[in-house]
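The values are calculated or read from the model by the stated rules, or taken from the named source; none is laboratory data. Only a predicted model underlies this, so the values are computations on that prediction, with no experimental measurement involved. Please note: Cβ atoms are built from the backbone with ideal geometry, for glycine as well, and neighbour counts cover all protein chains shown. Side chains are part of the model used for accessible areas, which takes the heavy atoms of the whole protein and leaves out ligands, DNA and RNA. Shrake-Rupley method; radii C 1.70, N 1.55, O 1.52, S 1.80 Å.
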Amino acid sequence: MGNLSGKIFSVMHYVANKVQRPAVILLYHRVTELSQDPQQLSVSPAHFNDQLAHLKSDYNVLDADQFLYHVQHKKAFPERAVFVTFDDGYADNYHEAMPLLVKHEVPALFYITTSKIDTSYELWWDDLERILLTDGTLPATLQINIDGRLWEYATGTLTAIRETYYALQTILRFCKPAVIEAAMQQLYDWSGKSAMGRASHRLMTWDEVRDIGQSPFATIGCHTHRHPAVGMLTYEEQLAEIGASKEILEAILAAPQVHFSYPFGGRKFLGSKRYYNADSIRACKALGLQLVCANYHGQVHSWSNPFALPRILVRDWPLEVFRQHMEQFFKY
Ligand SMILES: [Zn+2]
């Protein structure tokens, strides 16, 4: 961001926050220890424990119903209001995050990607990491056909493999589910590795989803069926992807689902590529969803669009770093 636009942005935030106190939505994915975490999406249980203690003592953590109430009724938030959310539905949410949320009495909302729940398969970006960045010998080059276009990558050195991982990850996140599946199949064949995932990267089982849904400190939300960037789909495809996760969760939990978060969810884009668009908002409204989170830096005010709320990604920050970030999140 240029210096001038940066200053204008800060002034806008300053004015908005003077007019009304902001609320902040935090975004987590995993709470566990991993041997490697190339996406930096996991927070260690020790850091998460300290982060929750800090939120409980210094902030006003709202649950999903309270947050929805303020957004729907355009009511100003209480001071230092925070809303905790988790994306994707990893099993560690149940086994490692949930006990700490209960211990600190901090409520959270868990957005579930339904297609890989209760399976031995990993989400595709984890699968890509497993194939390229875990033990095993790989051929020195990779030729892969993605949506009719042939790509060739060097995979003879660790540096080249790591670059290939990031390059494929950037391409695939804007592909349709069938294209991603076809690409992954080529990678299984090329590497000689099976599609079977690691226990450390599995998603919850349906029993675990049901169990978490019954906790007074948890709410369940939808996150599409197969986790595509919905902005790359037609309106009908978006309706089907978002609608499938909603229908499945409603059948499993026997309760209406009103929460949703866009996969990836950023506002940034590459050329014509979008994580979500105006059709996504239209599809969410048509499906009866009420609170929809995106994933771009920002604060929530009573006038914020409830169909594309900003969220702030939390990293594996020790307490002091988390404390400083939280102060910043409420300023800018
Ligand atoms: Zn996600």
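Tabulated results
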| quantity | calculated |
| --- | --- |
| Heavy-atom accessible area order for Val61, Val15, Val321, largest first, 1.4 Å probe | Val15, Val321, Val61 |
| Given Lys18/Lys331; Lys74/Lys246; Lys18/Lys75; Lys116/Lys176, the pairs whose alpha carbons are separated by over 18 Å | Lys74/Lys246 |
| Kirkwood Rh in Å, taken over all unlike Cα pairs in region 1-149 | 18.7 |
| Amide H contacts under 5 Å for Ile146, placed H, 5+ residues apart | Trp151 |
| Neighbourhood net charge (12 Å Cβ-Cβ; Lys/Arg +1, Asp/Glu -1) for Gln169 | -2 |
| Surface accessible to a 1.4 Å probe, Glu250 within the full protein complex, Å² | 50 |
| Helix-only [θ]222 nm of the chain, DSSP H runs n ≥ 4, -39500 (n - 2.57) each, per residue, nearest 500 | -12500 deg cm²/dmol |
| HN-Hα J in Hz across region 234-241 - Karplus 6.51, -1.76, 1.60, θ = phi - 60°, x for Gly and Pro | 5, 4, 5, 5, 5, 4, 5, 5 |
| Under-5 Å amide H pairs with Phe217, H placed in peptide plane, nonlocal only | none |
| Max mean-square fluctuation residue, GNM over the chain, Cα-Cα springs under 10 Å, options Ser261, Ser44, Ser191 | Ser191 |
| Accessible surface, per residue, of the chain when the full set of protein chains is kept, probe 1.4 Å, Å² | 45 |
| Set of aspartates and glutamates with alpha-carbon distance to Lys193 below 19 Å, sequence-local pairs under 8 removed | Glu122, Asp126, Asp127, Glu129, Asp135, Glu181 |
| Derived scalar couplings ³J(HN,Hα) [region 154-161; Karplus, 6.51 cos²θ - 1.76 cosθ + 1.60; whole Hz; x for Gly, Pro] | 7, 9, x, 10, 4, 5, 5, 5 |
| Only Lys, Arg (+1) and Asp, Glu (-1) charged, at Cβ; region 124-191 dipole about Cα centre in debye | 180 |
| Residue with peak Gaussian network fluctuation, the chain [Cα springs, cutoff 10 Å], from Leu287, Leu249, Leu158 | Leu158 |
| Surface accessible to a 1.4 Å probe, Trp190 within the full protein complex, Å² | 50 |
| GNM top mover of His223, His297, His13 - the chain, alpha-carbon springs below 10 Å | His13 |
| Summed side-chain charge close to Trp317 - residues other than Trp317 whose Cβ falls under 12 Å, Lys, Arg +1, Asp, Glu -1 | -1 |
| Pair-distance profile P(r), taking every C-alpha pair of region 124-191, with 5 angstrom steps and integer % | 4, 17, 34, 28, 13, 4 |
| Carbon + sulfur, % of accessible area of the chain - ligands and nucleic acids excluded, 1.4 Å | 54 |
| P(r) histogram, all alpha-carbon pairs of region 176-332 included - 10 Å bins from 0, percent | 9, 30, 35, 23, 4, 0 |
| Met12 accessible area, assembled protein chains, probe 1.4 Å, Å² | 120 |
| Within-10-Å neighbourhood charge of Asp87 [Cβ basis; K, R +1; D, E -1] | +1 |
| Cut-off under 5 Å, modelled amide H: who pairs with Thr113 long-range | Asp88, Gly89 |
| Solvent-accessible ranking of Ser42, Ser115, Ser200, largest area first, probe 1.4 Å | Ser200, Ser115, Ser42 |
| Positive dipole terminus of the chain, leading residue within His259, Met98, Tyr165 (C-beta point charges) | His259 |
| Radius, Kirkwood style, for the chain when every pair of distinct Cα atoms is counted (Å) | 20.8 |
